[in-house]
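This report concerns only the one structure given below.
Please treat every number below as a calculation from the coordinates, not as lab data. Nothing here was measured: the structure is a model prediction, and the numbers come from that model. Here the Cβ is made from the backbone with ideal geometry for all residues, glycine too, and neighbour counts use every protein chain on show.
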Amino acid sequence: MLFYLPALNLRRAPSFYKRPTPVRLERKLQELGSTRGPQDLEVLSLTEDLARLLSDQGDFAAARDLQEGVLEAKAHLLGEEHPNTLETMSELAETLWAQGDLAGARRLGERVLDLRARLLGDEHTATLAAMNNLASTLRAQGDHAGARRLQERVLEANRRVLGEEHRITLTAMNNLAVTLWAQGDLAGARRLQERVLEVSAQVLGEKHPATLESINNLAEILRAQGDHAGAQRLQMQVLEGSTHMLGEEHPHTLRSMNNLALTLSIQGDHAGARRLQERVLEANRRVLGEEHPQTLAAMNNLAATLKELGDQEGAGRLQERVLEVSRRVLGEEHPTTQSSMNNLAEILKAQGNHAGAQGLQERVLDVSRRVLGEEHPDTLTAMNNMAGTLRAQGDFDGARRLGERVLEVSRRVLGDEHPDTLTAMNNMAVLLFEAGDREGAIRLLRECLLGRRNVLGDTHPYTAGTAELLQRLEAQSKDSQPGG
C-alpha cells in the first residue's frame, strides 16, 4: 500500500508569503536583545515570530529550540498560568505534533486545556481551541473515540455560544467530520461536511478560501466512498477557484492540485496525475526549498505515480531522496520518514527485491509499535504491508499470523464495519484460500461483502472486487463438490 501525503490541512495554516525573512528577524532580534536582554517581553515576542517562520519553512527542530526557551522565560517572568505563557505552550505543542512527537504534544495539550478550563471556564474560546488541538493529537495517536468526545463538546458549545453559522463553529464541524471519517462513518462525515459547505457558501460566498476548503474536504469524502467522478468534479472546481483567488503557487492551490492528481491516479489517469504532481513539486521546490516537508510530500506522491506508470527506476530514485532528506531533517521516527520508507519498500517489492522490502517494512513496523503502539491504525497498516511481502516470498504461515492479528485488533479497536477492518477481512480471506481453507475464505468474504455494501455501497470498487472474488471462490467450491 502506497502512502500519498497530505490530504487535509486542519491545524494552523502556514503563511509563507506574509512574514519577513529569518535573516531580517534575526537581525532585529540581535539589535533589540543587545540593548534589552534576552528575557525582555518584546524580544521574546520576536523570538516567537522567528519560531513560527522557521516552523512554516519546515525547520521544526530550530523552532522547537526557540519555543522551549521562550516558554521557560515566560513561565519565570509571567507565571505558568498567564495567557501569554499558555499560548506559547500551545504553539510548542503544535511544533511537537509536526515533528511526530505525539506523546509530547499530548502532554502539553492536556496541560494547556486543564489550565484554561480552570482559569477561563469550559466554554471560553481559548479553552475550546485547546480542546480542539488536543482532539487533533488524540486522533493522530489513533484514539478516535477520545477525539470525537472532545470535538462533540467543542461543536456543541460553539453552536450554543457563537451560533451555527460562525466561522469557528464551521471549523469545529469540519474537524468532527474528519474524525467520523477516521472512525469509518463516511455517511456521517459527509452529512457534516455538506452542512459546512452549505453554510460557508451562503455566508462567505462560493469563492471564499474557507468555502473552497470545505469543497476540498467533501471531495475527499466522496473519493473515500468510491465516487471518484464526483470527487474529481469538486476538486477541479477547487483548483480553478484557488488559482483565481490565491494564485498558482499558493499552498492551498498546490494542495488542491495534489488532491486532484490522486483522484486522477485512482481512476487510472496516471499520466494526468503525473503532470499535476510535477507542477506541484516544481513550485514547492522553488517557493519552499528542496527539504521542506511539503516538498518531500510532493516528491513522495510523484514517486508513487511513477511506480504506477512502470517507471520503477525513476520512482526509486525519488523515494530514496525523500527518505534520505526525511531521516536527516525530520528524524527516523517522523511519520513522513516512515511513509517514505514504506513506499520505497513497495518499489523494491515491485522490482522483485522482496528481501530488501521486508527489511524496510520490519523497521517501519518496529518504529510504529514503539512510538504509536500495537493497536494504532498505522501499526496495523504496517503489519498488513509486511504480511503482503511475506506472502510474496511464499511464507504463507507468517503472512497468515500477521493477517489474523491485524483482523483481530481491527475488529476490537475499529469495529467490524470500519473500512480498514473490511480490508483486513478481505486480505485474510485471500490468505485462507491460498492456505487451502476455501470454505473459511468464503465465510469471511461473505461477511466482508455485507459490510462493504453497508458502508461503501454496491458500486464502490472495493465492494465490486470482493463480490467478484467471492463469486469466483463459490463457483470453484461448487465445481469441486461431488456431481458438480
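What to note about this one:
- The phi torsions of segment 218-229, fed into the Karplus equation with coefficients 6.51, -1.76 and 1.60 and a -60° offset, translate into couplings of 5, 4, 4, 5, 4, 5, 5, 7, x, 8, 5, 5 Hz, rounded to whole numbers, with Gly and Pro shown as x.
- Charges were assigned to the Cβ only: +1 to each Lys and Arg, -1 to each Asp and Glu. The resulting dipole of segment 185-267 about its Cα centre is roughly 140 debye.
- Tensor-based shape of segment 185-267 (alpha-carbon gyration tensor, a/c under 1.5 rounded, otherwise prolate or oblate): oblate
- Couplings 3J(HN,Hα) of segment 234-239, computed from phi: 5, 5, 5, 5, 5, 4 Hz, in residue order, whole Hz [Karplus 6.51 cos²θ - 1.76 cosθ + 1.60, θ = phi - 60°; x for Gly and Pro].
- Rounded Å value of the spacing that divides the Cα centres of segment 135-166 and segment 37-116: 23
- Rounded to the nearest 20 debye, dipole of the chain from Cβ charges on Lys, Arg, Asp, Glu: 360
- Karplus-derived 3J(HN,Hα) values for segment 247-258, using 6.51 cos²θ - 1.76 cosθ + 1.60 with θ = phi - 60°, are x, 5, 9, 5, x, 5, 5, 5, 5, 5, 5, 4 Hz; glycine and proline are entered as x.
- Selected from ALA219, MET131, SER45, residue furthest toward positive end of dipole (the chain; charges at beta carbon): ALA219
- The distance linking segment 417-472 with segment 192-254 is 33 Å (Cα centroid to Cα centroid, whole angstrom).
- Residue order, fewest to most surrounding Cβ atoms within 10 angstrom, among ARG160, ARG223, ARG275: ARG160, ARG275, ARG223
- The length gained by stretching the chain between GLU156 and ARG328 to full extension, at 0.36 nm per residue less their Cα-Cα distance, is 57.6 nm.
- Note on the chain: lysine pairs with Cα distance below 25 Å, sequence gap of 8 or more or different chains, count 4.
- Protection proxy ranking of 128-138, 328-338, by the mean of other Cβ atoms within 10 Å over each peptide's residues and highest first, is 128-138, 328-338.
- The chain, helix-only ellipticity at 222 nm - DSSP H runs n ≥ 4, -39,500 (n - 2.57), divided by all residues, nearest 500: -26500 deg cm²/dmol
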